[in-house]
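Accompanying notes for the structure given below.
The values are calculated or read from the model by the stated rules, or taken from the named source; none is laboratory data. Just so it is clear, the model here is predicted, and its values are computed rather than measured. Note that each Cβ is placed from the backbone with ideal geometry, even for glycine, and that neighbours are counted across all protein chains shown. The accessibility values were calculated without ligands, DNA or RNA, using every heavy atom of the protein model including side chains. Shrake-Rupley method; radii C 1.70, N 1.55, O 1.52, S 1.80 Å.
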Amino acid sequence: MTFTWALLALVTLVGWAYEHTAIPTDLNAYATQQDNVYYWADGTEMARVGPVDRQAMPLDRIPTSVQSAVLAAENASFYSDPGVSPKGITRAVATMATGGETQGGSTITQQYVKNVYLNQDQTVSRKISEIFIAIKLDRKMSKQQILDGYLNTSWFGRGAYGVQRAAKAYYGEDVSQLNPSQAAFLAALLKGAGEYDPSMSAANHQRAVDRWSWVLDRMVKTGKLSAAQRATYTKFPEPIAPPRPVGLSGQTGYLVDTARAYISAHSGISDQQFDLGGYQIYTTFQKPKVDALAAAVKKRLGTLDPAGRPADRDVRVGAASVATDGRILAIYGGPDYIKQGFDDADISIVPAGTTYAPFVYAAGLRDGVVRDRDAPRAAVSPSSPYDGDDKVPIQTPEGPYWSRDGKVVKTANAGGRSYGKIPLGKAVADGVNGPVTQLGMDVGLNQVRQASVDAGLLPDSGFAEQIPDFSLGTSTPSPIRMADGYATFAAGGTHTDPYSVLRVTLKGSQMPLKSPAVTHPFTPKVAGEVDDALHDAVGTGAGAGHAVAQAGPGLAGLPGTAPDDTSASFVGYDQEMATAVTLFRIDPKSQLLEPLTGIGGRSKKKPGSDYPTDIWTRYMAAVRPPGDPRPGATPATS
């Protein structure tokens, strides 16, 4: 009796809810898209991106193969179901009742309702409304009308709403010109374009290929494609590259991409919602610094002669400034976003070179060293003596380090110079490779790697094989992450994850945005000792970093080159921010790094670090206020 009354109550409730759920008369925001507006840190407008790319196409002009691919991928029973899937509803209810993740729309009618009348929120109330509206809509509209609406309002990524604009965005063709293989790929995008656009990442590409193949197999299973036809489609139909909006020329496109990626990773705003527009994005970027950085790069690279000197060709620069509180203040991603879409400020294939030394030094000061087997860790300090001579055998707690070819590995100082016994802090300041390499082995390369991650480098930022050269910067963190790592030392040992967006608003309301993580990986004492070495490198050191003193007092930093001469860098800071400048060459055909040997007509023995050092110096001289910003320093008199 209880069960019967409960069932009657449930039926009554469902009936009441069905009768009182009306099909909305106003369409969703897809019909009234707006631009997304990006702002500089000072609140002035930086860029507008949009409007959404949308163009309706009548169903009778959409090829049967496209319709069949979508039905096979999303809802094979579309023409026979009542607008909802009982199995899908049961599965969704069961999942939500057990505390699992709420489920998305299962039928094309439900997805159409969600696209046009509701929103993308994954809530129980929205799901119930979706079900009732879908049932009513299925009775009011023909299946052809619903499919027409669905194909013309669905999001396919790249800002494209509707299958016609998707065909243009991915293949540069009218939808009527697509073959079944291309249609299968577009159908795959409906599962989530943010994860299936192959241009976004290697993982996306693999997912797209797998989903495309699955859709074709489903078309065979549903009788819309013969096995013989399926056998002809074995090669993935690679889409064209995403277009670059003209309004994003210069550095603007790199800035917009950086902010967009941050929003995607740190907010609840989906790519689909973001592409509808209407958002105001307030970034951390400071226009005077962005302009000054671009000007400094242009000035220095203007001295090269790519037409007359092969070594001067294909030279690229990536640079970034990160404040001590994690704000990304400026980046240089390339000469022009329209001409080169890849952001060299975020590149992760270029070795850090000997600018990696402060992380090795910080690891030693924080974690201590082990020089004898089974011995406890011993502390080191800036005054700890190390052998600064060239060609000194590298030692481990078990004895000399032997390479795989059966030879004892030895230190290699720049220019083959020997320094004798040298204090550890001075070795770092003067860029002496031998003590830094030996320190890395004494600390343990695992500890060195962890210290650099703690300082700000990403755990997957191209860490190289852990052999002695590891401490000389064979790993490949991006300029943004190198600047963020140095900013940790400038901030007294406090690290803040780099971020590019201050806030995001929609219709006057602020959207949730995760705050950057703040950690304290190094004590003020350790950070201060690293800081002292980096100030000595600029003020009194014997290395190329001494040249940056002309940008004013209070600077700290270190020049560096990669062991294989494929990169040259300068990374340094003042009290406000850290800036990394990296110079390298990439073969445009193979996309492999090329050596910097001979760049600018220099001899093979001369390192290329003077180029990024000069860029860094020009930039800092242009953006720094007069005087020494270091606490306790004597104010400048001129």
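See the values below:
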item	result
Subset of segment 527-556 (residues that are touching a Ser or Thr at 6+ places or on another chain (Cβ under 8 Å) and modelled with pLDDT of 95 or more)	527, 529
Complete set of residues in segment 200-222 that are outside any helix (DSSP H, G or I) and open to solvent by 60 Å² or more (accessible area, probe 1.4 Å)	200
Residue identified as hydroxyl-bearing (Ser, Thr, Tyr), in contact with an Asp or Glu (Cβ under 6 Å, 6 or more places away or on another chain) and buried (at least 21 other Cβ atoms within 10 Å of the Cβ) among 279, 254, 262	254
Scope segment 287-337; condition within 23 Å of the chain's Cα centre (by Cα), of a type outside the set (A, V, I, L, M), under 25 Å from residue 548 (Cα atoms) and open to solvent by less than 30 Å² (accessible area, probe 1.4 Å); matching residues	289, 318, 321, 326, 332, 333, 334
Residue list for segment 203-250, restricted to those being at positive phi and either in contact with a Ser or Thr (Cβ under 8 Å, 6 or more places away or on another chain) or touching a residue at least 12 places away in the same chain (Cβ under 8 Å) (or both)	250
Members of segment 115-151 that are at pLDDT 75 or above, of a type in the set (Ser, Thr, Tyr) and under 33 Å from the mean Cα position of the chain (by Cα)	150
Any pair with Cβ under 6 angstrom, 6 or more apart, that starts in segment 510-537 at a residue that is over 15 Å from residue 366 (Cα atoms) and ends at one that is at pLDDT 95 or above and part of a loop (DSSP other than H, G, I, E, B)	516/326; 516/497; 517/497
Condition check for residue 458: open to solvent by 40 Å² or more (accessible area, probe 1.4 Å), farther than 27 Å from residue 561 by Cβ and not polar (S, T, N, Q)	no
Candidate set: segment 338-355, residues that are within 16 Å of the chain's Cα centre (by Cα) and open to solvent by less than 30 Å² (accessible area, probe 1.4 Å); chosen: the one modelled with the lowest pLDDT	341
Segment 158-197, residues that are open to solvent by less than 40 Å² (accessible area, probe 1.4 Å), closer than 12 Å to residue 65 by Cβ and over 28 Å from the mean Cα position of the chain (by Cα)	163, 175, 178, 180, 181, 182, 183, 184
Failed item in (1) touching a strand residue (DSSP E or B) at 6+ places or on another chain (Cβ under 7 Å); (2) in a helix (DSSP H, G or I), with residue 298 passing the rest	(1)
Complete set of residues in segment 262-295 that are touching a residue at least 60 places away in the same chain (Cβ under 8 Å), in a helix (DSSP H, G or I) and of a type in the set (A, V, I, L, M)	263, 292, 293, 295
Residue within segment 577-595 that is under 18 Å from residue 354 (Cβ atoms) and open to solvent by 40 Å² or more (accessible area, probe 1.4 Å) present	yes
Criterion violated by residue 517 - all others in (1) of a type in the set (Gly, Ala, Ser); (2) in contact with a Pro (Cβ under 6 Å, 6 or more places away or on another chain); (3) open to solvent by 30 Å² or more (accessible area, probe 1.4 Å) satisfied	(2)
Restricting segment 360-407 to residues that are part of a loop (DSSP other than H, G, I, E, B), in contact (Cβ under 8 Å) with a residue 40 or more places away in the chain and open to solvent by 50 Å² or more (accessible area, probe 1.4 Å), the residue that is nearest to residue 447 (Cα to Cα)	371
Flag if residue 536 is open to solvent by less than 20 Å² (accessible area, probe 1.4 Å) and at negative phi	no
Residues located in segment 248-298, provided they are among the β-branched types (Val, Ile, Thr) and under 19 Å from residue 347 (Cα atoms)	252, 256, 258, 290, 297
Residues located in segment 454-481, provided they are charged (D, E, K, R) and touching a Pro at 6+ places or on another chain (Cβ under 6 Å)	454, 469
Pairs with Cβ under 7 Å, 6+ apart, first in segment 162-173 and on the phi > 0 side of the Ramachandran plot, second in a helix (DSSP H, G or I) and of a type outside the set (Gly, Ala, Ser)	162/151; 162/152; 162/153
